[in-house]
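Visitor: Could you have a look at this structure, given as structure tokens, before my questions?
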Ligand code: KIV
Ligand code: ZN
């Protein structure tokens with residue numbers, strides 16, 4: 001059964017399930033394990049690790065995360081079908097504290113899809129929640145699209161789920177349709193009108209289609225919900241989910257009006273935000289609340305006069321509270337390997353000796369070209385340096401000719417599976433010419449879906465980070481790289497994505513889940 005804290009709000013992170021479901025955000029097995037470990041270390045209460053029946057990969061990731069978990073409850077998702085629930089249990093049962101999360105769409109639009117009457121659906125809910133509860137003491141049930149479900153029917157099905165043994169009832173705003181007052185009203189009405197409501201925890205799960213996910217989640221908490229479902233950086237399909245960093249910091253900074261506690265160590269926020277941005281390939285927008293590059297006034301260079309006199313003039317929280325240490329010149333070409341290791345450890349990267357050796361070589365190359373190396377430079381360097389998948393194709397050398405009068409040409413040598421291959425191509429600009437070289441040397445039919453460049457720090461010698469997203473026969477991969485030369489960074493990012501594609505091709509399958517469960521109305 002649940003212990004029901006009064007002013008403690010449980011943080012349920014679904015970066016690895018709802019977040020990873022976002023097209024292009026697919027993470028590798030190793031990346032999922034790493035993110036789960038960081039979530040556990042930062043004090044997240046429940047980690048939704050995946051959807052075990054969706055694919056063999058999801059099953060393996062959820063099982064492994066369950067085995068490695070230390071404190072957090074490990075949860076898997078299951079549709080309202082007995083084989084889904086059994087499979088979910090097989091994956092989560094290895095956790096110290098397992099949870100099964102089962103759901104069904106209850107709104108008229110969602111009921112129409114399995115073509116069930118209200119009574120038939122009620123029967124299905126009873127059957128599946130009972131099965132989950134027979135397997136596991138900790139069961140969460142969600143009426144998907146709850147915010148567009150008839151209120152009377154919602155009362156009825158929530159009561160059935162509670163009677164069948166659900167210990168948490170999650171109320172999803174699946175399409176990001178609700179607004180704060182309505183979100184609060186719904187939770188208050190459920191608590192007041194559903195028999196057994198005082199025995200369980202109500203959760204809120206909001207999507208950000210109208211930009212109200214954080215406000216809706218906090219309003220639900222004020223009305224009595226005691227679990228917020230969220231993702232790091234607000235990652236998720238369409239406009240994403242409620243951002244973990246936003247709700248945690250809102251309750252911390254405005255504890256005077258929202259007197260709720262979480263178990264999250266907020267100083268770990270920046271580190272995990274960066275890792276999720278890197279592994280998902282979804283960069284954080286500069287002005288994103290809490291974790292954006294410009295989120296702290298002094299960083300953006302404005303209001304400096306007021307800031308110098310008193311930091312509180314424009315700051316409602318301190319950068320250190322979210323783990324942002326002041327940008328400082330960290331190293332240069334004379335820094336040694338031990339100093340690099342210690343600096344990387346401070347930034348949250350634990351490296352083995354071989355990894356450190358590789359990173360050190362790249363660090364030295366960078367230091368030859370860039371006098372001052374900042375934290376951000378090292379983080380950018382780590383984006384590809386530690387990816388074990390990125391090794392079948394390597395860039396040996398490249399030269400480009402470009403300018404106003406053309407021609408735009410690239411010469412490139414790659415090492416592909418140990419073999420040296422060279423070509424020359426022309427294109428519409430140096431990046432296009434370089435990408436054509438890669439295409440000529442490594443046959444593939446992947447289409448470039450996204451190409452994004454950002455400067456890591458200020459100055460003309462700043463590194464550029466490049467992210468690319470590619471798609472081939474339903475497989476979506478992302479690649480990143482950073483370099484003081486934008487064209488070289490672009491070529492490396494493309495090669496990084498291609499390396500990942502080769503791994504996916506070998507494993508077979510596509511990113512289209514073998515079973516689908518997201519219904520767009
Ligand atoms: O948004 C949603 O309804 C979901 C459910 C599966 C809980 O993610
Ligand atoms: Zn969702």
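Visitor: Of (1) surrounded by fewer than 24 Cβ atoms within 10 Å (Cβ to Cβ); (2) closer than 27 Å to residue 155 by Cα; (3) within 16 Å of ligand 2 (Cβ to nearest atom), residue 238 satisfies all except one. Which?
Guide: (2) is the only condition that residue 238 fails.
Visitor: Now for a different question. Does the range 25-45 contain any residue that is surrounded by fewer than 17 Cβ atoms within 10 Å (Cβ to Cβ) and within 14 Å of residue 230 (Cβ to Cβ)?
Guide: yes
Visitor: Which members of the range 98-113 meet the condition of being part of a loop (DSSP other than H, G, I, E, B) and in contact with a strand residue (DSSP E or B) (Cβ under 6 Å, 6 or more places away or on another chain)?
Guide: 106
Visitor: Moving on. Go through the range 289-299 and give me each residue that's surrounded by 15 or more Cβ atoms within 10 Å (Cβ to Cβ), touching a helix residue (DSSP H, G or I) at 6+ places or on another chain (Cβ under 7 Å) and modelled with pLDDT of 60 or more.
Guide: The answer is 290, 291, 293, 296, 297.
Visitor: Looking at (1) outside any helix (DSSP H, G or I); (2) within 16 Å of ligand 2 (Cβ to nearest atom); (3) more than 14 Å from residue 103 (Cβ to Cβ), can you tell me which one residue 195 breaks?
Guide: (2)
Visitor: Let me ask something else. Name every residue in the range 154-178 that is away from ligand 1 (no atom under 16 Å from the Cβ) and under 20 Å from residue 108 (Cα atoms), in order of residue number.
Guide: Across the range 154-178, the qualifying residues are 155, 156, 159, 160.
Visitor: For the range 170-185, which positions are assigned to a helix (DSSP H, G or I) and away from ligand 2 (no atom under 16 Å from the Cβ)?
Guide: 180, 181, 182, 184, 185
Visitor: Any idea how many residues of the range 115-147 are touching a helix residue (DSSP H, G or I) at 6+ places or on another chain (Cβ under 6 Å), more than 22 Å from residue 229 (Cα to Cα) and assigned to a loop (DSSP other than H, G, I, E, B)?
Guide: The number of residues fulfilling the criteria is 0.
Visitor: Moving on. Does the range 148-159 include one or more residues that are outside any helix (DSSP H, G or I), in contact with a helix residue (DSSP H, G or I) (Cβ under 7 Å, 6 or more places away or on another chain) and farther than 19 Å from residue 224 by Cα?
Guide: no
Visitor: Next up: Please count how many residues of the range 444-472 are more than 17 Å from residue 491 (Cβ to Cβ) and part of a loop (DSSP other than H, G, I, E, B).
Guide: 8
Visitor: Among the residues of the range 214-249, which ones are closer than 21 Å to residue 101 by Cα, away from ligand 1 (no atom under 12 Å from the Cβ) and either touching a helix residue (DSSP H, G or I) at 6+ places or on another chain (Cβ under 7 Å) or without any contact (Cβ under 8 Å) to a residue 60 or more places away in the chain (or both)?
Guide: If the condition is that a residue be closer than 21 Å to residue 101 by Cα, away from ligand 1 (no atom under 12 Å from the Cβ) and either touching a helix residue (DSSP H, G or I) at 6+ places or on another chain (Cβ under 7 Å) or without any contact (Cβ under 8 Å) to a residue 60 or more places away in the chain (or both), then 217, 220, 224, 225, 228, 232, 234, 235, 243, 244 are the ones that fit.
Visitor: Now for a separate question. What are the residues in the range 109-134 that are crowded, with 17+ Cβ neighbours inside 10 Å and touching a residue at least 40 places away in the same chain (Cβ under 8 Å), if any?
Guide: 110, 124, 125, 128, 131, 132
Visitor: Sticking with this structure for a sec: Can you confirm whether the range 243-255 contains a residue that is closer than 14 Å to residue 11 by Cα, within 13 Å of the chain's Cα centre (by Cα) and within 16 Å of ligand 2 (Cβ to nearest atom)?
Guide: Checked against the condition, which is being closer than 14 Å to residue 11 by Cα, within 13 Å of the chain's Cα centre (by Cα) and within 16 Å of ligand 2 (Cβ to nearest atom), the range 243-255 yields at least one hit.
Visitor: If you don't mind, another one. Do any helices (runs of 4 or more DSSP H) lying entirely in the range 300-388 carry at least 3 residues that are modelled with pLDDT under 75, and which ones are they?
Guide: Once the helices (runs of 4 or more DSSP H) in the range 300-388 are filtered for at least 3 residues that are modelled with pLDDT under 75, what remains is 304-309, 375-385.
Visitor: Further, regarding this structure: Which ones in the range 402-421 are surrounded by fewer than 14 Cβ atoms within 10 Å (Cβ to Cβ) and farther than 14 Å from residue 495 by Cα?
Guide: 403, 404, 405, 406, 407, 418, 419, 420
Visitor: For the range 148-169, which residues satisfy the criterion of being within 16 Å of ligand 2 (Cβ to nearest atom) and crowded, with 23+ Cβ neighbours inside 10 Å?
Guide: Result: 149, 168, 169.
Visitor: Report, ordered by the first and then the second residue, all pairs with beta carbons closer than 6 Å, sequence separation of six or more or different chains, a first member in the range 363-392 that is outside the structural domain of residue 461 (by TED's automatic domain parsing) and on the phi > 0 side of the Ramachandran plot, and a second member that is at pLDDT 75 or above and outside any helix (DSSP H, G or I).
Guide: none
Visitor: Could you figure out which of (1) modelled with pLDDT of 95 or more; (2) part of a helix (DSSP H, G or I) isn't true of residue 414?
Guide: (2)
Visitor: Condition first: surrounded by fewer than 17 Cβ atoms within 10 Å (Cβ to Cβ) and without any contact (Cβ under 8 Å) to a residue 40 or more places away in the chain. Can you find one or more residues in the range 257-264 that meet it?
Guide: The answer is yes, given that some residue of the range 257-264 is surrounded by fewer than 17 Cβ atoms within 10 Å (Cβ to Cβ) and without any contact (Cβ under 8 Å) to a residue 40 or more places away in the chain.
The values are calculated or read from the model by the stated rules, or taken from the named source; none is laboratory data. Since the model is a prediction, treat every value here as computed from it, not as a measurement. Every residue, glycine as well, gets a Cβ built from its backbone with ideal geometry; the counts of neighbours run over all protein chains shown.
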